[in-house]
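Asker: I have a structure here, written as structure tokens, and I will follow up with some questions on it.
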Amino acid sequence: PEGVSASAANENFAIVEFTDGFVTSDDDTAIAVGLKKGSELREPINEILAGISVEEQKEIMDNAIMNQPAAE
């Protein structure tokens, strides 16, 4: 997502797609929500996130990327 948003905001950036792709770990590509350590919101948020399909997560992220303000 960061590459998509950066290239959308700045014409000097481009996304490079490798012919054979590449491998990443779940830690490198996971979606996270920032919370204060020990927050009681952790479990309810995790339950909600678990109910969102991968397809819906991608759609939400794609919409967020395309609707963020570009840096001036």
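Asker: Restricted to segment 1-40, and to residues that are hydroxyl-bearing (S, T, Y) and part of a loop (DSSP other than H, G, I, E, B), which residue is farthest from N63 (Cα to Cα)?
Answerer: Looking at the filtered set, the residue picked out is S39.
Asker: Still on this model: Does segment 14-31 include one or more residues that are small (G, A, S) and more than 20 Å from E2 (Cβ to Cβ)?
Answerer: Within segment 14-31, not a single residue is small (G, A, S) and more than 20 Å from E2 (Cβ to Cβ).
Listed here are the residues, each with its yes/no results for (1) in contact (Cβ under 8 Å) with a residue 60 or more places away in the chain; (2) at positive phi; (3) surrounded by 10 or more Cβ atoms within 10 Å (Cβ to Cβ).
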position: E2; (1), (2), (3): no, no, no
position: S5; (1), (2), (3): yes, no, yes
position: A8; (1), (2), (3): yes, no, yes
position: T29; (1), (2), (3): no, no, no
position: L41; (1), (2), (3): no, no, yes
position: P44; (1), (2), (3): no, no, yes
position: I52; (1), (2), (3): no, no, yes
position: E59; (1), (2), (3): no, no, yes
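Read-outs throughout are calculated quantities, based only on the coordinates presented, and are distinct from any laboratory measurement. Computed from a prediction, not measured in an experiment: that's the story for all the values here. Glycine also receives a Cβ, built like all others from the backbone with ideal geometry; neighbour counts cover every protein chain displayed.
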